[in-house]
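Below: one structure, written as structure tokens.
The values are calculated or read from the model by the stated rules, or taken from the named source; none is laboratory data. The model shown is predicted, which means the values in this text are computed figures rather than measured ones. Don't worry about glycine lacking a Cβ; one is built from the backbone with ideal geometry, like all the others, and counts go over all protein chains shown. Heavy atoms of the whole protein, side chains included, go into the accessibility calculation; ligands, DNA and RNA do not. Shrake-Rupley method; radii C 1.70, N 1.55, O 1.52, S 1.80 Å.
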Amino acid sequence: MKSEFPGAVPEIPVSDIAKAAAYYETKLGFTLDFGGGEYGLAGISKGNCRMFLASPDFRKHYGNLAPILIWLNLASKEEVEELYESWRSSQARLISRPESKPWGLHEFTAADLDGNLFRVFYDFATPEREKNA
């Protein structure tokens, strides 16, 4: 058995696939890979990050509802700052500015049209803890 998992691919509940896909493309910089209203499911991606947007009909038998929270782990504080500025300039819905937290994460929060949240972060404390261990 393989001891490592691949990256998780979240299913994000949205009320309108077309509007959500347009928001993710124009405001957050994702690419629409497949799907839309006809399937009730759309695949989006940006680099190695993949996600699914799922309509109410597609997910009704699971009962998963918005809002959900997704954490996006970036490689540096600079990447967090750059993504924040990119999303700010595209007029994405930003909840908080980037800030270094006492628990060792440099993070900000953004939202989509359905209130789903993205906490974008860089973990600056773990490398320090590992170095001092």
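Which residue pairs have Cβ atoms closer than 6 Å, lie 6 or more positions apart in sequence or on different chains, and pair a first residue in the range 1-29 that is closer than 16 Å to Trp71 by Cβ with a second residue that is outside any loop (DSSP other than H, G, I, E, B) and charged (D, E, K, R)?
Val9/Arg50
Take Leu113 and tell me if it is open to solvent by 60 Å² or more (accessible area, probe 1.4 Å) and closer than 30 Å to Glu38 by Cα.
So Leu113 passes the test.
Output the residues belonging to the range 1-57 that are β-branched (Val, Ile, Thr) and either open to solvent by less than 60 Å² (accessible area, probe 1.4 Å) or more than 23 Å from Gln91 (Cα to Cα) (or both).
Matches in the range 1-57: Val9, Ile12, Val14, Ile17, Ile44.
Given the criteria under 16 Å from Val120 (Cα atoms) and of a type in the set (A, V, I, L, M, F, W, C), does Ile68 qualify?
The answer is yes for Ile68.
I need the full set of residues from the range 94-118 which are touching a residue at least 24 places away in the same chain (Cβ under 8 Å), in a loop (DSSP other than H, G, I, E, B) and not small (Gly, Ala, Ser), in order please.
Asp112, Leu113, Asp114, Asn116, listed by residue number.
Is there any pair with a first residue in the range 47-64 that is in a loop (DSSP other than H, G, I, E, B) and a second that is crowded, with 16+ Cβ neighbours inside 10 Å whose Cβ atoms are under 8 Å apart and which are 6 or more apart or on different chains, and what are they?
Hits for this filter: Ser55/Val14; Ser55/Ile17; Ser55/Gly40; Ser55/Leu41; Asn64/Pro13; Asn64/Ala54.
When the range 58-98 is examined, which residues are found to be among the basic types (Lys, Arg) and either in contact with a helix residue (DSSP H, G or I) (Cβ under 6 Å, 6 or more places away or on another chain) or open to solvent by 80 Å² or more (accessible area, probe 1.4 Å) (or both)?
Of everything in the range 58-98, those that are among the basic types (Lys, Arg) and either in contact with a helix residue (DSSP H, G or I) (Cβ under 6 Å, 6 or more places away or on another chain) or open to solvent by 80 Å² or more (accessible area, probe 1.4 Å) (or both) turn out to be Lys60, Arg88, Arg93, Arg97.
Please verify whether the range 55-62 includes one or more residues that are within 15 Å of the chain's Cα centre (by Cα) and either modelled with pLDDT of 95 or more or hydroxyl-bearing (Ser, Thr, Tyr) (or both).
Residues of the range 55-62 that are within 15 Å of the chain's Cα centre (by Cα), as a first pass: none.
Taking every residue of the range 55-62 in turn, none turns out to be within 15 Å of the chain's Cα centre (by Cα) and either modelled with pLDDT of 95 or more or hydroxyl-bearing (Ser, Thr, Tyr) (or both).
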